[in-house]
Structures are given as C-alpha cells and as structure tokens.
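Every read-out reported here was derived from the displayed coordinates using simple, explicitly stated rules and does not represent laboratory data. The structure displayed is predicted, hence computed values, not measured ones. FYI the Cβ positions are ideal-geometry reconstructions off the backbone, even for glycines, and counts take in every protein chain you see.
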Amino acid sequence: MKGIDRREFLKIGGMAAIAGLGGKAAFEILAPGKLEAAQEVPLTGGKHWAMVVDTTKMDDALMDACIDACHKEHNVPDLGSPKEEIKWIWKETYEHAFPGQEHEFIGERFHGLNFLLMCNHCTNPPCVRVCPTQSTWKREDGIVMMDMHRCIGCRFCMAACPYGARSFNWGDPQKVRTDEKLMPLNPGFPQNKDYPTRSKGVVEKCNFCAERLARGDQPACVEAAGKVRKGALVFGDLADPHSEVRKVLKEHYTIRRKPELGTGPNLFFIV
Ligand code: SF4
C-alpha cells in the first residue's frame, strides 16, 4: 500500500468536506480504535479468484444461510433499519439484479426469484479508480480490498459502483450494537473476535474472505452453502485450467451482472 502525506490527506479531507459528503473526523482516521486494528491479509499470489452461483441449486433458505455465515464472520451489524443497512452479501430479485437482461419472455422463468449477490471483484473496478486515498485497491489475485483506516468516507466508491456492493456506516456499529435496547437484533456482537469491527464514517464490502483464503479455507458463504447443497456456490482460481470453477464455467451457460459496462465482473450465475 502506498502512503499519503499529511498535506495530501488534509487536501483530500477538505475536498470531502466541501463536497458536503460527511464522513469520518480527521482524528478518527489518524487514531483508529483498537477494534479496527489494521489487518495484514497475506496475498494469495498467482491466483485469479472467482465465484459461480448455481441459481438452479439455490433457494431463499440457502441464501439466508450464506448471508448469515458471511455477516457473522465479518461482524456485519444488523442495525434493523433498511436506510442504514450494511451488507456484504444479499438477495435481490432478477429484475433488479439483471436489469439489462430483462425481457418479458426471458425473465418469465425468473420473475420474482431472488439471486444471491455480492461484490463482483471486477477486473476493471470503477470503485478503485475514483478512491482519492487508495483505501480500496485491486490485488494481483483479483480481490478488491478495502482498508477502513484510510477511508475518509467520501463515498465516491459507492457512487462509482454500478452494483450497490458497498455500504456506508452512518453510525458507529460498535456503539449501536452495545446499546441494550438494540442488542436482541444481534446478540453477542461482535460474533467473531478475530475480525475487526468498523467505525462510523467508513465504507465496507465483501472481501471474498481474503483472510480465510490466506489460511487455505473457502469463503464463509461457500462453506455454509456446501453444508446444505453441494455445488450451489463454487469458488476457485480462474488461472488454474483444472480448477472446479473453470470446469463449471466450461460446462454451463452463465450470466454476469451488467457486463455491458466493461467492469469485468468475476461473479457468474448459472441460470
Ligand atoms: Fe467495485 Fe462494485 Fe465492482 Fe465490487 S462490484 S469491485 S465494489 S465496482
């Protein structure tokens, strides 16, 4: 990661303030809380990670299990309000997920059906291009990462992402979750003591479970899906011609979200 000096930082912070975009106070960026301890996630070099969702094997209960596993793994808070929703992985109807591919007959079979969505870890990610502090970047293995310490909350990345894959912490999730009145929504928060929580004013999103991949595990959603239905989610290395993900892509017709935008999504859907 490249650093920014203080002068540059103040300039960027000023830009965000002028734009009226809100975000973190400077002291929060310069002195992050200990729960947000910087995560050095080792790179899984030489790979090109991708995910295939087999929609023929999916149902709402399975999607909920995937969402639950991911959000517990990453301490994603349930704030109980759609306006403040933080999501790394979520359900969306066909019409909303694939607007460009909707047709009265093609879409007929999928009408009203939910699809499991997350960050596409785009090959050409517009979110990365617009970030003024390089707090989001693309790794060699294809994962689009976020460093919450460097995020100044300008939300340019959210505006640039055409998939709604990023969420903004309007409040302090740690503080809210320790409020007794709200605790029943998400008891025991944070559920995973090994994963940092976030603070007010930062953007977050799916990281393809980079921390799990680094220790040789599959993403949490893939593990959860595999316990219920084998092959519902397939994750693997596109750079390996013998990988399961390459095999599945070779054998099935798949679609991606808004491919016409040229972002190169690495999330595929068997339909
Ligand atoms: Fe960025 Fe959105 Fe693509 Fe994820 S889906 S890499 S957040 S543009």
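Of note:
- Local net charge near Arg229, Cβ-Cβ under 12 Å (Lys/Arg +1, Asp/Glu -1): +1
- Greater than 18 Å apart at Cα, pairs in Lys227/Lys250; Lys87/Lys138; Lys47/Lys227; Lys83/Lys205; Lys57/Lys227: Lys227/Lys250; Lys87/Lys138; Lys47/Lys227
- Translational diffusion coefficient (Stokes-Einstein; Kirkwood radius from C-alpha pairs) of segment 232-271 at 20 °C, 1.002 mPa s, in µm²/s: 197
- Distance between the modelled labels on Lys230 and Leu261, one decimal in nanometres: 3.6 nm (7 Å Cα→Cβ projection).
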